Each structure stands twice: as structure tokens, then as C-alpha cells.
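Read the structure below first, then the notes.
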Amino acid sequence: MLIYVVRHGESEDDLSDSYGGAANFRLTDRGRAQAMESAVKLKDARLEAIYSSPLARARESAEIIGRELGLTVETVFDLRERNTYGVLSGHTRQRARELYGYLLETLDFVPGKSSRCAPGGEEYDPFIERIRGAFHHVAEAAATAGQEKIAVVTHGKFTLGLFTDVLHLRDEYDSAHASINIVDYRPPAFVGGEAV
């Protein structure tokens, strides 16, 4: 099975210097144009299905691609972005400093630049397990439906975790907005009850 992993286009938080993560920002005009460019690149792929994160920036990207390719989009909740920023999510960095300056001063890391999360966020190890589960769920759903070429539209940190800690391809993927990375997926084989 070929799985085309697509990152959403530029979103409003990119322009407003806001903490994105779990916050539900929409695409910018540029982000919509980027999603359209992804759709054009995917025309010859002969995709059979599109699976998407429920967050607006990914879902909107998926719907643009789906319209161009004549495909409906199936939402998969666990394809959503990591809640890296916890209580900071949705706030501009300036507003977060005004509201949570006392909290930011106690952190010995920069939110978003570390595997650690801000208070109220999603810890890294459970996030990686969520990615692994979501990826296998989508692959199994596609296999059950007889689909051999699918797209998964998701987010930057999800893509990073997928390629670095699930697939172990740290330097072999594109992380840019609207990037398309192709995974030749083969279901795990089971030997003695363990996946190999």
C-alpha cells in the first residue's frame, strides 16, 4: 500500500505568531493555494481515499485535495496535531506571556522546541503511541476497503513523530507546509505473537 502523508498548508497561527498545537486554526489564503498545489501533484497518484485530522487546517487542506481528485474525506480523530502547548494553545506568544508569564518563567525549555510539553499538554511518549495507533488504524481501514493508494492529511509534529520515532526515517522526509511524503506500507508480520 502506498500512503501519501500530506502536511496541511500554512495556517493562521503561522502569521499571528500564535501557539498552534491543539488550537483549531484555519488555513490562510496561501495555505489554500498550497493545498491546491498538493492536489495537482497528487492527480497522477490515482488515490482511492483521503484520511484527515479533524483540525480545521488539515481538514480544509484534505477537502481541497478531495474536491480536485473527486474523493470524499474520512476524518480520523487521532491524526490530529500534538497538544504541545497545553494552556498556551491558541494564544499569541505576546498574549501567552501576559497571561502565563509566571508559568513560562518556570519552564527550563522552550515550548515547541523540545519533546516536553507545556502544562496541560500531551506528553511525547503517549503522542508517539497515538501516532503509531492512528497510522496502523488508517492502514487497516484502507486494506479492509481494498484501497492500495491513500492520502493522510495531518500536521507538522505528527509528521515529525511518524518519520522519526515510528518509521525511523529521521532525515528522509520533507517537513514543509503542504509537503507530500510517500510511505510504502507493508503490514507487520507476526512471529510468536510479536510484530516484526
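Brief remarks on what is shown
- Sub-8 Å Cβ pairs linking a first residue in the range 97-117 that is closer than 18 Å to residue 127 by Cα to a second residue that is of a type in the set (Ser, Thr, Tyr) and part of a helix (DSSP H, G or I), at least 6 apart or interchain, are 115/124; 116/124; 117/124, ordered by first then second residue.
- Only one entry in 133, 146, 161, 121 is under 18 Å from the mean Cα position of the chain (by Cα) and in a loop (DSSP other than H, G, I, E, B), namely 121.
- Complete set of residues in the range 97-118 that are assigned to a loop (DSSP other than H, G, I, E, B), at negative phi and either in contact with a Gly (Cβ under 7 Å, 6 or more places away or on another chain) or of a type in the set (Gly, Ala, Ser) (or both): 114, 115, 117, 118
- Among the residues of this structure, residue 152 counts as one that is closer than 24 Å to residue 85 by Cβ and β-branched (Val, Ile, Thr).
- Looking at 146, 133, 161, 120, just one residue is out of contact with any Asp or Glu (no Cβ under 9 Å at 6 or more places or on another chain) and surrounded by fewer than 19 Cβ atoms within 10 Å (Cβ to Cβ), and that residue is 120.
- Some residue of the range 158-172 being under 29 Å from residue 38 (Cβ atoms) and of a type in the set (S, T, N, Q): yes
- Answer residue from the range 68-113, given it is in contact with a helix residue (DSSP H, G or I) (Cβ under 9 Å, 6 or more places away or on another chain) and loosely packed, with under 14 Cβ neighbours inside 10 Å and is farthest from residue 13 (Cα to Cα) among those: 72
- Residue count, the range 47-67 (criterion: surrounded by 18 or more Cβ atoms within 10 Å (Cβ to Cβ) and either within 30 Å of residue 107 (Cβ to Cβ) or small (Gly, Ala, Ser) (or both)): 9
- Residues that are within 20 Å of residue 141 (Cβ to Cβ), more than 20 Å from the chain's Cα centre (by Cα) and not hydrophobic (A, V, I, L, M, F, W, C), drawn from the range 49-72: 70
- Residues that are within 18 Å of residue 65 (Cα to Cα) and out of contact with any strand residue (DSSP E or B) (no Cβ under 7 Å at 6 or more places or on another chain), drawn from the range 15-29: 29
- Residue check: residue 30 meets all listed conditions (1) within 18 Å of the chain's Cα centre (by Cα); (2) more than 26 Å from residue 142 (Cβ to Cβ); (3) modelled with pLDDT of 95 or more but one, namely (1).
- Identity of the residue in the range 26-46, touching a residue at least 40 places away in the same chain (Cβ under 8 Å) and surrounded by 20 or more Cβ atoms within 10 Å (Cβ to Cβ), that ends up farthest from residue 122 (Cα to Cα): 42
- The condition of being part of a loop (DSSP other than H, G, I, E, B) and out of contact with any Gly (no Cβ under 8 Å at 6 or more places or on another chain) holds for residue 169.
- Within the range 165-185, considering residues that are of a type in the set (Ser, Thr, Tyr) and surrounded by 15 or more Cβ atoms within 10 Å (Cβ to Cβ), the one farthest from the chain's Cα centre (by Cα): 185
The values are calculated or read from the model by the stated rules, or taken from the named source; none is laboratory data. Everything numeric in this text was worked out from a predicted model, so none of it was measured. Cβ coordinates were reconstructed from backbone atoms using ideal geometry, including for glycine residues, and neighbour counts include every protein chain displayed.
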